[in-house]
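What follows is a short report on a single structure.
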Amino acid sequence: QVQLVESGGGLVQPGDSLRLSCAASGFTFSSVYMTWVRQAPGKGLEWVSSIYSDGSRIYFQDSVKDRFTISRDNVKNTLWLQMNSLKSEDTAVYYCAKYHSGWGSVDYWGQGTQVTVSS
């Protein structure tokens, strides 16, 4: 079964950094386009960043570009989101998600990890 397990969230102050991890299993991770999405309090899901299967292409939401970076290790089946210069508006539950190219949307995501940015 597909499993995506996020970790690394926490409570930080503005300007701090966090590194989120996603451990993937149950599918051929190395052939799958992966993404990070988030859900802020009272808001819907928002796409944050994506990475091509082999890591050759990466994409970011404008609000996080130049602050966040996405990476993956296809041997360890792990996806990361390095978040720097965090802002209060980054507060959200962050989800690692598997992208279904045929549907044009994510088809699986993990339980999420809470990121709270507050002074």
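The values are calculated or read from the model by the stated rules, or taken from the named source; none is laboratory data. Worth saying up front: this structure is predicted, and the values here are computed from it rather than measured. All Cβ positions, even for glycine, are placed from backbone atoms using ideal geometry, and neighbour counts span all protein chains on display. Please note that ligands, DNA and RNA were not included when accessible areas were found on the heavy atoms of the full protein model with its side chains. Shrake-Rupley method; radii C 1.70, N 1.55, O 1.52, S 1.80 Å.
So, of the residues in the range 3-41 that are of a type in the set (Val, Ile, Thr) and over 13 Å from TRP80 (Cα atoms), which turns out to be most open to solvent (accessible area, probe 1.4 Å)? By that ranking, first place goes to THR28.
Has the range 9-29 got any residue that is among the aromatic types (Phe, Trp, Tyr), assigned to a strand (DSSP E or B) and in contact (Cβ under 8 Å) with a residue 40 or more places away in the chain?
So the first thing to find is which residues in the range 9-29 are among the aromatic types (Phe, Trp, Tyr), and the list is 27, 29.
Checking the rest, the ones that are also assigned to a strand (DSSP E or B) come to none.
No, the range 9-29 contains no residue that is among the aromatic types (Phe, Trp, Tyr), assigned to a strand (DSSP E or B) and in contact (Cβ under 8 Å) with a residue 40 or more places away in the chain.
Could you list, in sequence order, the residues of the range 48-65 that are surrounded by fewer than 17 Cβ atoms within 10 Å (Cβ to Cβ) and touching a strand residue (DSSP E or B) at 6+ places or on another chain (Cβ under 8 Å)?
Within the range 48-65, the subset surrounded by fewer than 17 Cβ atoms within 10 Å (Cβ to Cβ) is 52, 54-59, 61-63, 65.
Scanning the range 48-65 gives TYR52, GLY55, ARG57, ILE58, TYR59, GLN61.
Among residues of the range 71-93 being in contact with a strand residue (DSSP E or B) (Cβ under 7 Å, 6 or more places away or on another chain) and aliphatic (A, V, I, L, M), the one that is farthest from PHE29 (Cα to Cα) is LEU86. With ASP90, ASP73 as the choices, which residue is acidic (Asp, Glu), open to solvent by less than 50 Å² (accessible area, probe 1.4 Å) and under 14 Å from VAL115 (Cα atoms)? On inspection, the qualifying residue turns out to be ASP90.
Take the conditions (1) hydrophobic (A, V, I, L, M, F, W, C); (2) open to solvent by 70 Å² or more (accessible area, probe 1.4 Å); (3) under 25 Å from PRO14 (Cα atoms); LEU81 misses just one of them, which is (2). Among residues of the range 62-86 that are of a type in the set (A, V, I, L, M), those with a beta-carbon under 6 Å from a residue that is open to solvent by 40 Å² or more (accessible area, probe 1.4 Å) at least six positions away or on a different chain give the pairs ILE70/ILE58; LEU86/ASP16.
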